[in-house]
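Coordinate-derived values only; no laboratory data. Note that the structure is predicted; figures quoted are calculated from it, not measured.
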């Protein structure tokens, strides 16, 4: 093997390493970004779920309050009808 063939093999190996390393670094960066996005999405989902539960609780409280008010009105109307007859 001559000196130039050794240099050619070294250059080919460097090219091979560069060809493999660049996509690996790009993939690593993409995986890191995706991991951060998934973590943030999980936190947002937890916050949304908590807020949703609180909103449902308020809606049910309001619904029960309106049901009590309707029952009261119904009783008053029935009393008026019975007293007016």
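The spacing between the range 56-81 and the range 16-31, judged by their C-alpha centroids, is 66 Å. Size of the chain: Rg and Dmax of its alpha carbons, in Å, are 36.4, 122. Computed from Cα atoms, the angle from the helix 3-84 axis to the main principal axis of the chain rounds to 0 degrees.
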